[in-house]
Amino acid sequence: MGEITKEKIGRINELYRKSQTGGGLTPEELSEQEALRREYIDAVKANLRGQLNNIDIKEPDGTVRNLGEEHKEKEQEG
């Protein structure tokens, strides 16, 4: 998976606009659109996961827990 660049976002938008016109997209363009959308969604999820992994929550009793560490523990259990 590569980085989501301005060019890729531009291409996603271009394909969307073309899909809304009467001609629609070719099978190749539909495949490209699906791949670009999947890449974009995966990048957003990875970014969000990275942000959540760096969040510490201070409990009322004064202890601090890290969401990232908590998530890792749950993954290892399951």
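The values are calculated or read from the model by the stated rules, or taken from the named source; none is laboratory data. Only a predicted model underlies this, so the values are computations on that prediction, with no experimental measurement involved. Cβ: placed from backbone, ideal geometry, glycine included. Neighbour counts: every protein chain shown. Accessible surface is based on the protein model in full, side chains and every heavy atom, while ligands, DNA and RNA are left aside. Shrake-Rupley method; radii C 1.70, N 1.55, O 1.52, S 1.80 Å.
Below is a table of values for the structure above.
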{"quantity": "Near pairs, Cβ below 8 angstrom, 6+ apart or cross-chain, from region 58-78 (basic (K, R)) to any residue that is open to solvent by less than 90 Å² (accessible area, probe 1.4 Å)", "calculated": "R65/I57; R65/E59"}
{"quantity": "Tally, over region 14-27, of residues that are touching a Leu at 6+ places or on another chain (Cβ under 9 Å), open to solvent by less than 60 Å² (accessible area, probe 1.4 Å) and either assigned to a helix (DSSP H, G or I) or polar (S, T, N, Q) (or both)", "calculated": "2"}
{"quantity": "Residue satisfying condition, being touching a residue at least 24 places away in the same chain (Cβ under 8 Å) and open to solvent by 100 Å² or more (accessible area, probe 1.4 Å), within set R37, R11", "calculated": "R37"}
{"quantity": "Pairs where the first residue, in region 43-56, is farther than 12 Å from E70 by Cα and the second is open to solvent by 90 Å² or more (accessible area, probe 1.4 Å), C-beta under 8 Å, 6+ apart", "calculated": "A43/M1; A43/E3"}
